[in-house]
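Values quoted throughout were computed directly from the atomic coordinates according to the rules given, and no laboratory measurement underlies them. Predicted model, so just to flag it, every value in this text is computed and none were measured. Here Cβ is always computed from backbone atoms with ideal geometry, including for glycine, and neighbour counts include all displayed protein chains.
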Amino acid sequence: MSYIDLPDNYPGIRSLMMYRPETAEPLNHLAQTLLRGESSLTPGERETIASYVSQLNGCKYCSETHGAIARHLLGEQSATVQEVWKDIDTASVSDKMKALLHIAALVQNSGKKVKKHDIEKAKEAGAEDQEIHDTVLIAAAFCMFNRYVDGLGTWAPDDDELYDRIGKQRAEEGYMTKPFSVDRE
């Protein structure tokens, strides 16, 4: 049960977006820009970063949702999401992606944990300035989103099929469309 009176048939941030549409619009625009905007990182890679940070934060709704979105976007490489959650050093992602995920993990802990050598390592692995910038911003934004979702005690269902449906919708439509409601058991 959420800590405030939220719409019943929307899990996680979806209920918060329905509760306050005026704050939903800029938050969805931020997510759309970060995760679907112009970037040399694919949307699947950016969703993987978002799901990884959410996993580190223990935010079930966001990690499951963005993990499902990433899996839909990655297609044949969808198993990498679980690999990243388990251990980024052994995950079947590029060295550049590993370096960016390490930076994301540092930001998740504290932006001050990121040091010059972390950035240099990412650049040596092929990361460009914009990719580093976007990784830091995705990690910081998802710390905010995770705290928003968990700080108001939103509903995080135990339903892999539901997360898959949400993932499919967001993979196809992005973040600027209204979420569908679900039956709550």
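Within the set V81, V93, the sole residue that is hydrophobic (A, V, I, L, M, F, W, C) and closer than 22 Å to Q130 by Cβ turns out to be V93. Screening Y10 against (1) part of a helix (DSSP H, G or I); (2) surrounded by 20 or more Cβ atoms within 10 Å (Cβ to Cβ); (3) of a type outside the set (D, E, K, R) leaves a single unmet condition, (1).
Taking (1) under 17 Å from S54 (Cα atoms); (2) of a type outside the set (G, A, S); (3) in contact with a helix residue (DSSP H, G or I) (Cβ under 8 Å, 6 or more places away or on another chain) in turn, D118 satisfies each apart from (1). For segment 151-169, residues that are among the acidic types (D, E), farther than 14 Å from F180 by Cβ and not in a helix (DSSP H, G or I) total 1.
Filtered by the rule that a residue be charged (D, E, K, R), in a helix (DSSP H, G or I) and exposed (fewer than 14 other Cβ atoms within 10 Å of the Cβ), segment 80-139 gives K86, D95, K112, K113, K116, E120, E124, D129. Scanning segment 61-79 for residues that are free of Cβ contacts under 8 Å to residues at least 60 places away in the same chain, over 18 Å from the mean Cα position of the chain (by Cα), in a helix (DSSP H, G or I) and crowded, with 16+ Cβ neighbours inside 10 Å turns up nothing.
Listed by first and then second residue, the pairs with beta-carbon distance under 8 Å, at least 6 apart or on different chains, first residue in segment 164-185 and touching a residue at least 60 places away in the same chain (Cβ under 8 Å), second in a loop (DSSP other than H, G, I, E, B) and of a type in the set (S, T, Y), are P179/Y10; S181/Y10; V182/Y10. The single condition from (1) crowded, with 17+ Cβ neighbours inside 10 Å; (2) of a type outside the set (D, E, K, R); (3) in contact (Cβ under 8 Å) with a residue 40 or more places away in the chain that G153 fails is (1).
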